[in-house]
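Taking it in order: structure first as C-alpha cells, then the write-up.
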Amino acid sequence: LWTTEELELDCEVVMLPFPPRYLAKDFLLINPLGTVPALVDNGVVMTESVAIAQYLATRYGPTQLVVAADEPEYGDFLDFLHHSEATLTFPQTVYIRFHLLEKAKGLDEAGQLYADWFVARLARAELRLGEREFICANRFTIADIAMAYPLLLAQRIGLGERLSPVLSDYLGRLMDREAFKRASAREVAESERQGVPLPTW
Ligand SMILES: N[C@@H](CCC(=O)N[C@@H](CS)C(=O)NCC(=O)O)C(=O)O
C-alpha cells in the first residue's frame, strides 16, 4: 500500500479479518495460504509483500524507487529487499506465535530466543545506517519500504525498545514521508469503512 502511494497508483483495498485462513475462507481461493497481503492485478496473483512492491515499481515505473542493474549499489538493493523478509521478519513471526499468541503452550522461552535472534540480525542494517540516510543508493527506494516493515513490526509487538537509536531514527525518517502517512491513513479508513478491525499488534 505504501508503494502504491509512493507511485500514486490507484488500487482497491480489501480488508480481511485476521487470520483470513479461519475468518475469510473465500480468500483461500485467491491465496491458498490465507496470508496477507495479496495482490491481484490483471490476472496476476502475488502473495509476497516485497515482491509485490518490486512488481508495482517495475511494472508501473520507471521510478527512482528501484535501483537499476547498472547502478553501483544494485546488489545492495536486492540484498536488503530480501534481507527484510527472509532474515528480519522471519524470527519475529516465531516470537509472535510462541510469545504473543500461544504462550499457554509453554514455548514462551523459545519465543524469547527468537526475539534475541531478531535483535542480533539487525547488526548489518545498524552498521550501514550509522553512516547513511537510506539503506542503499543514496536515495529512498522500495528497499527502505521493505526494511521499515520489520522495524515497525518490532514496535508493534513490544520489541521497539530493543531497536538502537540509529534504527529508530531511520524508521522515524521513513514514517515521516507523506506517502507512508497516506498509506497508514488509508489502512485505518478502509478498516473503518469495511468494518474490519486491524489486528491489535
Ligand atoms: N512472506 C510473506 C508473509 C505473509 C504472512 O505470513 N502474512 C501474515 C501476516 S503479516 C499472515 O497473513 N498470517 C496469517 C496466517 O498465518 O494465517 C510476505 O512478505 O507477505
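The values are calculated or read from the model by the stated rules, or taken from the named source; none is laboratory data. From a predicted model like this one, the values you see are computed outputs, not experimental measurements. Cβ: placed from backbone, ideal geometry, glycine included. Neighbour counts: every protein chain shown. Only protein heavy atoms, including side chains, enter the accessible area calculation; ligands, DNA and RNA are left aside. Shrake-Rupley method; radii C 1.70, N 1.55, O 1.52, S 1.80 Å.
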Considering only region 30-55, state which residues are part of a loop (DSSP other than H, G, I, E, B) and either over 28 Å from Leu78 (Cβ atoms) or within 8 Å of the ligand (Cβ to nearest atom) (or both). Leu33, Gly34, Thr35, Val36, Pro37, Thr47, Glu48
Evaluate region 56-70: report whether one residue or more is within 16 Å of the ligand (Cβ to nearest atom) and surrounded by 15 or more Cβ atoms within 10 Å (Cβ to Cβ). yes
In this structure, does Phe27 turn out to be outside any helix (DSSP H, G or I), within 15 Å of the ligand (Cβ to nearest atom) and surrounded by 14 or more Cβ atoms within 10 Å (Cβ to Cβ)? no
Quick one: how many residues across region 152-176 are closer than 22 Å to Val66 by Cβ and either surrounded by fewer than 13 Cβ atoms within 10 Å (Cβ to Cβ) or touching a residue at least 60 places away in the same chain (Cβ under 8 Å) (or both)? 1
Can you tell me which condition Ser84 does not meet? The list is (1) within 20 Å of the chain's Cα centre (by Cα); (2) at positive phi, and all the others hold. (2)
Given the condition free of Cβ contacts under 8 Å to residues at least 40 places away in the same chain and more than 25 Å from Arg182 (Cβ to Cβ), answer yes or no: does some residue in region 51-66 qualify? no
Just give me the residues in region 182-201 being touching a helix residue (DSSP H, G or I) at 6+ places or on another chain (Cβ under 8 Å) and open to solvent by 90 Å² or more (accessible area, probe 1.4 Å), in sequence order. Arg182, Pro197
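Conditions (1) in contact with an Asp or Glu (Cβ under 7 Å, 6 or more places away or on another chain); (2) modelled with pLDDT of 95 or more; (3) surrounded by fewer than 17 Cβ atoms within 10 Å (Cβ to Cβ), marked per residue:
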| site | (1), (2), (3) |
| --- | --- |
| Leu101 | no, no, yes |
| Leu113 | no, yes, yes |
| Ala125 | no, yes, no |
| Phe140 | no, yes, no |
| Phe180 | no, yes, no |
Under the condition of being of a type in the set (D, E, K, R) and within 14 Å of the ligand (Cβ to nearest atom), which residue from region 75-103 is nearest to Leu167 (Cα to Cα)? Glu85
Quick one: in region 1-24, which of the residues that are among the aromatic types (Phe, Trp, Tyr) and within 10 Å of the ligand (Cβ to nearest atom) is most open to solvent (accessible area, probe 1.4 Å)? Tyr22
